[in-house]
Structures are given as C-alpha cells and as structure tokens.
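Here, each number is a calculation from the coordinates, and none is a lab measurement. For clarity, every value in this text was computed on a predicted model and none was experimentally measured. Here the Cβ positions follow ideal geometry from the backbone for every residue, glycine too, while neighbour counts run over all protein chains shown.
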Amino acid sequence: MIKASICTIGDEILIGQIVDTNSAHIAAAMEENGIEVRRMLSLSDKHADIVETLRKELEQSDVVITTGGLGPTKDDITKPALAALSGSTGYKRDERQLEIVHRILRSRGLDILPVNLAQADVPDKAEVIPNELGTAPIMAFSFEGGKRLYATPGVPHEALGAIPLILEDIRRHFPTSGHILHRSLMVYGIAESALSEKIAPWEEALAADHIHLAYLPNTLTGIRLRLSTTTGTEHEQKALIERHLSELKPLLGDLIYSWQDDCLEATVGRLLKAAGKTVSAAESCTGGEIAHLLTTIPGSSAYFLGSVTSYAISVKEKVLGVKAETIAKHGVVSAEVAAEMAEGVRKLTGSDFAVSTTGLAGPGGDDSNPEGTVWIGVASSRGIVTVRKQFRNDRKRNIERFAATALNELRKEIERSL
C-alpha cells in the first residue's frame, strides 16, 4: 500500500492565525483512493526546517504532499527549499502556467508585475502540473526509489482543485496497491466511555477480523464510529463489515441514528421528507439554534415550516399559548411548559411534528434546575413527549448540546410514528 505524508507550510498556521483545512481534505482523498496517510505535519517558513523535514518524510513515505508557501511574496520560501531538496541548479519558466498567470490577472483587471510572472518559474528538476485556479503551479518532484513529492498552493480552493490532478499523477507512477474501506455510523445519546464498554465484545471481534474501529465524538453530531479495513478485496471488505454491523444493531438499538457519516439535522430531514411530514420549533434557551441547524440542509423548505424563538415569558404566553398558571405552578423550566410550547407551535404552524426547548444555558440556576438543565418537548398526533437533560458545559456548548439533543428526541419520535 502506498504511504503518504502531508505537510502544511506557513508560520500563519503555527501561530494559530489560520486553521489548516487543506490537510483534512487531502487526507480524505488519499484514503478514498487506497493511499495510507501516515503523518500530517505543519512546518515553519524556514528554509532549513522545510528541507530537513521533507527529506525525513521522503525516507518514510512513498508520497509527500506539501501545501502552502508558494505565493509571489518574499516570505514564501517553499520554492527555493524545494529547489535545494531536489538538487536543482536553476529555474525554468513554464509557458503553460505563464499563460494562466496572464489570463487570471487580466480577468481581474490587475497589472502584470515581474513578481507575478516569476510564479511560472520553477526549479529545473520540477515537473509542472498547471494550476488553472491560481497563478502558482503545482509542482512534482521525483526522488530515489521512485518516491514523489507534490507541492500545491495553500489557498484552499486551489489546494482542493489540485487533489484530483495529484491522484492522477500518483496512479501513473505507482502500481495499484490495496484498497482501504471506511464505513461510518452515527450514535447519539450515550457517553463515549459508556459506549466503549457496551460494545467491547463486538469491538474485540472486529480486531480479530483486522478491522480498526475509531471513536470520533462531536457535540452536535454525537459519536461517529468509523470502521476501516485494508484486508481482502473491496467486495470481501464490504461483506465483512456488513456482517459486523448487522451484529451491532441489537446492542445499540435507537442509539444509532444513521448508518452513514451523517448529522442529526440531515437524518431528521430525510425521515420527514420520506414520510411527507412537516416540523416546526419553539425555542427558548436554544435561541434559534434548532431552526438554524434544520435549515442548513438543502431542501429543508419541504418539511420545515418555521419556528418561534420565545425567549420572553410574554412570547411564550401570547404567541405559543403557554398558560400563565402553568408557569406560575411549575416554573418556566419544566416539562409542562416544554409540552405547551411544543403543542402551541404545532397548532400555530399546522406542522405534523414540533420540538421545543426551555432551560438554563448558564450562568445561573438553582437546586431544582441547575445550570445546564433543559426540558425538551416533542409534539405529534400521538401526543407529547417531554425529556429532561442535564449538561455541564459553558453556555455556548450547553446551547449546542440542547439543540442536538432536541433533534435527537425529535428523530426518535418521528421513527416511532412511522
């Protein structure tokens, strides 16, 4: 199997000025094409560091991909470092990239300066892969043992555009070597440690069949369980993983909300769309987060009717129809208020389902309702279900968890109704 390293170059990454997203996209593309990414590194804009680190990575990997440091300014020194690493003795001008430089600058109404033209100059040992999306070319270098190094610009859309071109070049220089199969499923409503204990025997059986299991938790999406294997043909891998997944359902039940890499809002949307049903939301402590999540999904207008952010008691009463005596007797943060909010917005919008939240994101709280308490209501023609949850995070994370948990409770009620 081909082994790869990914190296991002630039002080701006090391000081936290920008977030490196290029490596994640490159790594995902490599894995999908049967190339095993062994290391991901971030390097400073120092000539010696770049040369030394890349030389070491070439000793350990068949393919090294760098991103960043190829701009027109003097602080971008990746090109000279690559010239030194490759043993180049000078530079050559690539006419194909030069034509692209002229075209891009003219289209933007910019003057063509010598520093722009120099973007088309590459070390004489470099093979140029023209970059149609920017002025700096993609460069490829060959090293002893058939190893290859690819240098891409750091601008994210240019780096992403370079990926298929690099993969095409890799396929030309390396024989097909193995296949990596990944399969993910999504779990919500259980802590990572509890999940690990619950499926321990099942996980041991995976290891016996050379399947690696990764736990990938996220506040908004729950826990992604990713199964990976490199053993056997693609058909054999799929059959093996499907067999193991069929044994997982009895262990986790409705803790599993999707059998693919997914999010709660997309899952809710698919369920509603497939059933021809609609939903609305009444939010207090989540402040519109549920509505935001639902509407990030393309096509959500087919099933999401609207929401009421009833932050004030007066809005709960006047718009949603929550009774003043209910609040006086049970308090705003209560099952009764969550129920009346959910049913109120369902009647107001005419939706098939409705979800509500009322709670304390923080700071503040008391003995009966400490900070991080949320009551969730889900209303449908079957009636109203209320659930109390308690989280212990900061305000922002509490709101995120309130919203995600509300979507999960909505998801379960939709599944029970279908």
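Before moving on, here are some points about what is shown:
- Between helix 395-417 and the chain: long-axis angle, C-alpha atoms, 0 to 90°, nearest 10: 70 degrees
- Considering only GLY154, THR373, MET40, and ranking their Cα positions along the charge dipole of the chain that arises from unit charges at the beta-carbon of Lys, Arg, Asp and Glu, the one farthest toward the positive end is THR373.
- Compared with the dominant principal axis of the Cα atoms in the chain, helix 22-32 is inclined by about 90°.
- Neighbours of LEU305, meaning other residues whose beta-carbon lies under 10 angstrom from its beta-carbon, give a summed charge of 0 when Lys and Arg score +1 and Asp and Glu score -1.
- Remark: the range 52-69, residue by residue, has Karplus-estimated 3J(HN,Hα) of 5, 5, 5, 5, 5, 5, 5, 6, 9, 10, 7, 10, 10, 10, 10, 9, x, x Hz, where x stands for each Gly or Pro and the curve is 6.51 cos²θ - 1.76 cosθ + 1.60 at θ = phi - 60°.
- GNM result for the chain, Cα springs below 10 Å: residue of GLY90, GLY16, GLY365 fluctuating most strongly: GLY16
- Checking the Cα-Cα distances for LYS249/LYS396; LYS56/LYS238; LYS56/LYS125 against a 30 Å cut-off, the pairs over it are LYS249/LYS396; LYS56/LYS238.
- Of all aspartates and glutamates in the structure, the ones whose alpha carbon falls short of 17 Å from that of LYS198, not counting any fewer than 8 places away in one chain, are GLU247, ASP254.
- Using a Förster distance of 41 Å, the FRET efficiency for ALA118-MET1 (Cβ separation, nearest 0.05): 0.60
- Rounded to the nearest 10 degrees, the inclination of helix 335-349 to the longest alpha-carbon principal axis of the chain is 80 degrees.
- Option label - semi-axes √(5λ) of the Cα gyration tensor in Å computed here, alternatives [x] 34, 25, 23; [y] 51, 27, 19; [z] 40, 26, 19: [y]
- Across the alpha-carbon set of the range 193-235, the Rg to Rh ratio works out to 1.04, Rh being the Kirkwood radius.
- Per-residue packing, averaged as other Cβ atoms within 10 Å, sorts the ranges 213-219, 355-361, 83-89 into the order 355-361, 83-89, 213-219, beginning with the highest.
- Taken one residue at a time, the phi angles of the range 182-187 give Karplus couplings (6.51, -1.76, 1.60, θ = phi - 60°) of 10, 9, 10, 9, 10, 10 Hz. Gly and Pro are set to x.
- Dividing the convex hull volume of the alpha-carbon atoms in the range 238-385 by its residue count gives 146 Å³ per residue.
- J(HN,Hα) series, the range 100-111, from Karplus relation 6.51 cos²θ - 1.76 cosθ + 1.60, nearest Hz, glycine and proline x: 5, 4, 4, 5, 5, 5, 5, 5, 8, x, 9, 5
- In terms of its C-alpha gyration tensor, the range 2-173 has a rounded overall shape, because the principal axis ratio a/c (a ≥ b ≥ c, square roots of the eigenvalues) stays below 1.5.
- A simple count of charges around ALA162, restricted to other residues whose Cβ falls under 12 Å of its Cβ and scoring Lys, Arg +1 and Asp, Glu -1, yields -4.
- √(5λ) per eigenvalue of the Cα gyration tensor, the range 181-258, largest first, Å: 21, 13, 11
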